[in-house]
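S.K.: Below you'll find the structure I mean.
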Amino acid sequence: MKAYTNVSRKTVGEDRVAICPNFGCEYMTRVKPLKFRFLGFGKHPKCKKHHIPLVYVDERIGDFVDAALACLFDKAGLPPSELLEGVKSKFHNEVTSFVEGWVYCITAGRGVSIISRYMDTISNAYLKQLTKKQIKALKKGDDSKPNLVNKTIKDGMDEITIQYTRILKHLRAHSEILIDHQTLKSLSKNLRNYLKDYQKTILKRN
């Protein structure tokens, strides 16, 4: 179990953003230093839903990326058995091209879709916790005004960017390891039409 820095208003020297450590929980709040440290009221912020201590976003985001990478490359990335059987029976000469193209596209396409949605949620929620002055200074990239943008706030945004870039690179590398994109072949017009019809059927079904 990874140990996280204890989120405490009594020890924090400047504003930081903390999140619930439960994956899927969107509770996030800005942690401000205590004005009267000797009181210590509410010094350990907790999630209002799960009632567990919060952790800092820049410490937690890396764990999410690690967990996401561990489960993105699974059987769910393969073509549905119903679709695969249909391609085998009607386009047996293109089965290999179809599977290779599917795996190459789904690795990055499915992974980026999942990660982007989560990262957008985290980034937007993070920015909502900041003051207008902090956001304005972040956009300008002005490091000469530390009073407007606390270093830890900027570091949090930087960490989100670093982790997002890391997972995109990882997905790209794995998609090229699994399938050599130079060997990919275009599908025939008939097979493309078959896939479109299959997609329409699935959409109606859902």
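S.K.: Tell me the Kirkwood radius of the chain: reciprocal of the mean inverse pair distance over distinct alpha-carbon atoms, in Å.
M.R.: The Cα-based Kirkwood calculation yields 20.4 Å.
S.K.: Going down the table (Lys10/Lys133; Lys48/Lys204; Lys46/Lys151; Lys32/Lys140; Lys46/Lys136), which pairs top 31 Å between alpha carbons?
M.R.: Lys48/Lys204
S.K.: Also, quick follow-up: Local charge sum around Phe98 (other residues, Cβ-Cβ under 13 Å, Lys/Arg +1, Asp/Glu -1)?
M.R.: +1
S.K.: Let me ask something else. Could you look at the chain and say what percent of its accessible area is carbon and sulfur, using a 1.4 Å probe and all protein chains?
M.R.: 55 percent
S.K.: Taking the alpha-carbon distance from Lys49 and a cut-off under 12 Å, which aspartates and glutamates remain once sequence neighbours fewer than 8 residues away in the same chain are dropped?
M.R.: Glu26
S.K.: Report the FRET efficiency, 1/(1 + (r/R0)^6), for Ala173 and Glu14, where r is their Cβ-Cβ distance and R0 is 41 Å, rounded to 0.05.
M.R.: According to the calculation, E is roughly 0.65.
S.K.: Using a cut-off of 15 Å between beta-carbons, work out the net charge of the residues near Ala68 (Lys and Arg +1, Asp and Glu -1, Ala68 not included).
M.R.: The answer is +2.
S.K.: Then there's this: Hey, can you grab everything whose amide H is under 5 Å from the amide H of Val17? Only 5+ residues off in sequence or another chain; H modelled, so Pro and N-termini drop out.
M.R.: Val31, Val57
S.K.: Another one. With n ≥ 4 as the cut-off for DSSP H runs, can you work out [θ] at 222 nm for the chain, using -39500 (n - 2.57) per run divided by the number of residues, rounded to the nearest 500?
M.R.: Value at 222 nm, helices only: -19000 deg cm²/dmol.
S.K.: Another question about this same structure. Estimate the FRET efficiency between His92 and Arg166 by the formula 1/(1 + (r/R0)^6), using the beta-carbon distance for r and 41 Å for R0, to the nearest 0.05. Don't skip to the end; give the middle numbers.
M.R.: Details: r = 40 Å, r/R0 = 0.99.
So, using R0 = 41 Å, E works out to roughly 0.50.
S.K.: Which FRET efficiency value, to the nearest 0.05, is calculated for Lys43 and Arg205 with the Förster distance at 41 angstrom and r the Cβ-Cβ distance?
M.R.: 0.15
S.K.: Using a 1.4 angstrom probe, figure out how much accessible area segment 161-206 has per residue, in square angstrom, rounded to the nearest whole.
M.R.: Value for segment 161-206: 81 Å² per residue.
S.K.: Figure the gain on full extension for Val103 and Phe23 (residue separation times 0.36 nm, minus the Cα-Cα span) and round it to one decimal in nm.
M.R.: Difference between extended and current length: 26.1 nm.
S.K.: Longest segment of the chain with no trypsin sites (Lys or Arg not before Pro) in a DSSP loop having at most 11 other Cβ atoms within 10 Å?
M.R.: Working: sites that count: Lys2, Lys35, Arg37, Lys48, Lys49, Lys185.
For trypsin sites (Lys or Arg not before Pro) (loop position, at most 11 other Cβ atoms within 10 Å), the longest site-free span of the chain is 50-184.
S.K.: Show me, for segment 178-185, the HN-Hα J-couplings you get by feeding each phi into the Karplus relation (A = 6.51, B = -1.76, C = 1.60, θ = phi - 60°), rounded to Hz, glycine and proline as x.
M.R.: Karplus-based 3J(HN,Hα) across segment 178-185 equals 5, 9, 7, 4, 6, 8, 5, 10 Hz.
S.K.: Looking at the chain, identify the longest residue range that excludes and avoids all GluC sites (Glu not before Pro) in DSSP loops having at most 15 other Cβ atoms within 10 Å.
M.R.: Details: sites that count: Glu14, Glu26.
Counting only loop sites that pass the neighbour cut-off, the longest clear stretch is 27-206.
S.K.: Ordered by residue, what ³J(HN,Hα) values in Hz, to whole numbers, does segment 193-206 give under the Karplus form 6.51 cos²θ - 1.76 cosθ + 1.60, where θ = phi - 60° and Gly and Pro are x?
M.R.: Along segment 193-206, the couplings run 5, 5, 5, 5, 5, 4, 5, 4, 4, 5, 4, 5, 5, 7 Hz.
S.K.: Excluding the sites themselves, what is the longest stretch of the chain that contains no chymotrypsin sites (Phe, Trp or Tyr not before Pro) in a DSSP loop with at most 12 other C-beta atoms within 10 Å?
M.R.: Free of exposed loop sites, the longest segment is 42-206.
S.K.: Let me ask another. How charged is the neighbourhood of Gly156? Take every other residue with its Cβ under 12 Å from the Cβ of Gly156, and add Lys/Arg as +1 and Asp/Glu as -1.
M.R.: -2
The values are calculated or read from the model by the stated rules, or taken from the named source; none is laboratory data. These figures come from a predicted structure and were not determined experimentally. Positions of Cβ are backbone-derived with ideal geometry, glycine not excepted, and every protein chain shown enters the neighbour counts. Quick note on the areas: whole protein, heavy atoms, side chains included, nothing else; ligands and nucleic acids left out. Shrake-Rupley method; radii C 1.70, N 1.55, O 1.52, S 1.80 Å.
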